[in-house]
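Engineer: I'd like to ask some things about the structure below.
Read the figures in this text as sums done on the coordinates, not as results from a lab. From a predicted model like this one, the values you see are computed outputs, not experimental measurements. Cβ coordinates were reconstructed from backbone atoms using ideal geometry, including for glycine residues, and neighbour counts include every protein chain displayed.
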Amino acid sequence: MKFKLFLGLFMLALFVLSCQDEQIPKPKAKMRLEYPQGKLADLETENFSFKYNQLANAELNSDKAYTISYPDMKGAIFLSYKKVDGNLDKLIHDSKRLSYEHAAKADNIVEQPYVNPDARVFGALFEVQGNAASQSQFFVTDSTEHFLTGSVYFYTKPNYDSILPAASYLQNDIRGIIETLRWKK
């Protein structure tokens, strides 16, 4: 009888001691930000047209300036249109200069040329990596009449690691704008 009692207590103690969770340090987690892919909407002006993300709000700021704002991301794409009047080299130079002014805060600036001879759209997209004020900038032209520049800005202090998902999302939207851009005569 003593043996059965001893065996029962031993089994109970073994059961109680074996059910404790071992404390394991958890790895650091990073917040995963995902944004839905919106449908495309048309933006028509007297000089050009393109398709943009319908989740954004497009508005005319002044005669030749437009804002495509993304309220959920607290960011926007600012567009500016100019007529080419024998000043194409200056417009391209100014656009590149503005992009490379971010080099002081940027870790790297990647220039991606864009050429679509069928639609007469030529330009470049500048991906600014690092804690710069603008994460992306671009310019496109038909090289004779039209010139359009754009910049991405967020309404927050730049922290590249935190805004990287939103910056990548807006870069894809910029690529969509450039690819669907059509000039009007």
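Engineer: With r defined as the distance between the Cβ atoms of Arg182 and Asn57 and R0 fixed at 30 Å, what FRET efficiency is calculated, to the nearest 0.05? Mind dumping the intermediate values first?
Structural biologist: Details: r = 22 Å, r/R0 = 0.73.
For R0 = 30 Å, the calculated efficiency reads 0.85.
Engineer: While we're on this one: Roughly how far apart, in whole Å, are the Cα centres of the range 136-170 and the range 74-126?
Structural biologist: About 9 Å separates the Cα centre of the range 136-170 from the one of the range 74-126.
Engineer: Could you give the longest part of the chain that holds none of the GluC sites (Glu not before Pro) found in DSSP loops with at most 14 neighbouring Cβ atoms within 10 Å? List each step's numbers first, then the result.
Structural biologist: Details: sites that count: Glu22, Glu34, Glu46.
Segment 47-185 is the longest.
Engineer: How far apart, in nm, are two points set 7 Å out from the Cα along the Cα-to-Cβ line at Tyr100 and at Met1?
Structural biologist: 9.8 nm
Engineer: Over 28 Å between Cα atoms, which of Lys90/Lys184; Lys39/Lys184; Lys26/Lys157; Lys83/Lys157; Lys90/Lys157; Lys39/Lys64 qualify? Each step should come with its number before you reach the end.
Structural biologist: Values: Lys90/Lys184 22 Å; Lys39/Lys184 24 Å; Lys26/Lys157 30 Å; Lys83/Lys157 33 Å; Lys90/Lys157 31 Å; Lys39/Lys64 25 Å.
Result: Lys26/Lys157; Lys83/Lys157; Lys90/Lys157 exceed 28 Å.
Engineer: Just rank Met73, Met1, Met11, fewest to most, by other beta-carbon atoms within 10 angstrom. Write down the numbers at each step before the final one.
Structural biologist: Working: Met73 21, Met1 5, Met11 10.
If I rank by nearby Cβ atoms, fewest first, I get Met1, Met11, Met73.
Engineer: Please sort by residue number the trypsin sites (Lys or Arg not before Pro) in the range 55-146 whose DSSP state is loop and whose Cβ has at most 14 other Cβ atoms within 10 Å.
Structural biologist: When the trypsin sites (Lys or Arg not before Pro) of the range 55-146 are filtered for loop state and at most 14 Cβ neighbours within 10 Å, Lys74, Lys105 remain.
Engineer: So, one more: How much length would be gained if the chain were fully extended between Tyr155 and Glu34, taking 0.36 nm per residue of separation minus their Cα-Cα distance, in nm to one decimal? Before the final figure, lay out each step's value.
Structural biologist: On the way: separation 121, 0.36 × 121 = 43.56 nm, distance 1.87 nm.
Here the answer is 41.7 nm.
Engineer: Taking only C-alpha pairs under 8 Å that are 6+ residues apart, what is the relative contact order of the chain in percent?
Structural biologist: On the way: 287 pairs, mean separation 39.1, N = 185.
Taking the mean separation of contacting Cα pairs over the length of the chain, I get 21 percent.
Engineer: Given springs between every Cα pair under 10 Å in a Gaussian network model of the chain, which of Gly130, Gly75, Gly86 has the largest fluctuation?
Structural biologist: Sorting by GNM fluctuation, first place goes to Gly86.
Engineer: First select every other residue whose beta carbon is under 15 angstrom from the beta carbon of Ser69; then total the charges, Lys and Arg +1, Asp and Glu -1. Mind dumping the intermediate values first?
Structural biologist: Values: positive: Lys74; negative: Glu59, Asp72, Asp173.
In short, -2.
Engineer: Which one, Tyr114, Tyr35, Tyr52, has the greatest fluctuation when you compute a Gaussian network model over the chain with C-alpha springs under 10 angstrom?
Structural biologist: Of Tyr114, Tyr35, Tyr52, the Gaussian network model singles out Tyr35 as fluctuating most.
Engineer: Would you calculate, for the chain, the mean residue ellipticity at 222 nm contributed by helices, counting each DSSP H stretch of 4 or more residues as -39,500 (n - 2.57) and dividing by all residues, to the nearest 500? List each step's numbers first, then the result.
Structural biologist: Working: 3 runs with 51 residues, N = 185.
It lands at -9000 deg cm²/dmol.
Engineer: Could you work out the Rg to Rh ratio of the range 37-116, with Rh taken as the Kirkwood radius (inverse of the mean 1/r over all Cα pairs)?
Structural biologist: Numbers: Rg = 15.0 Å, Rh = 15.1 Å.
A ratio of 1.00.
Engineer: Here is a further query. Applying the Karplus parametrisation 6.51 cos²θ - 1.76 cosθ + 1.60 with θ = phi - 60° to the phi angles of the range 73-81, what ³J(HN,Hα) value in whole Hz is obtained for each residue in order, glycine and proline being reported as x?
Structural biologist: 9, 6, x, 7, 10, 9, 10, 9, 10
Engineer: Which entry in (1) 0.95; (2) 1.41; (3) 1.25 matches Rg/Rh (Cα atoms, Kirkwood Rh) derived from the coordinates of this structure?
Structural biologist: Read-out from the structure maps to (2).
Engineer: Please identify, among Ala119, Ala58, Ala76, the residue showing maximal mean-square fluctuation in a Gaussian network model of the chain using a 10 angstrom Cα cutoff.
Structural biologist: Ala119
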